[in-house]
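Nothing in this text is a laboratory measurement; each read-out follows from the coordinates by a stated rule. Computed from a prediction, not measured in an experiment: that's the story for all the values here.
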């Protein structure tokens with residue numbers, strides 16, 4: 001389980017700059033795709049706060065609300081750091 005959670009944190013961390021680039025470029029489809037991918041992984045492993053934040057990004061991107069995406073992206077970065085700091089069972 002430890003390896004799976006660490007992989008989730010690493011993968012989500014790698015997705016952050018890609019999401020940021022899509023948001024800055026106004027690429028709604030790209031931001032939605034990246035957020036959706038990471039949201040599923042987070043939800044499957046119980047990282048519900050991160051999954052909810054990614055859902056917000058997905059919805060904001062669909063609505064063309066890139067300022068909302070940017071705010072949610074900052075929340076996602078904080079959530080990933082929180083996950084990184086939590087002890088991992090195993």
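Between (1) 27; (2) 68; (3) 23, which entry matches percent of Cα pairs over 21 Å apart as derived from the coordinates of this structure?
Step by step, percent of Cα pairs over 21 Å apart for this structure corresponds to label (3).
How much length, in nm to one decimal, is gained on full extension between residue 48 and residue 77, taken as 0.36 nm per residue of separation minus their Cα-Cα distance?
Fully extending the segment from residue 48 to residue 77 adds 9.0 nm.
Calculate the length of the line joining the C-alpha centroid of region 48-74 to that of region 1-41, in whole Å.
11 Å
Taking only Cα atoms and a 10 Å spring cutoff, compute GNM fluctuations for the chain and point out the largest among 43, 28, 51.
Among 43, 28, 51, the largest mean-square fluctuation in the Gaussian network model of the chain belongs to 43.
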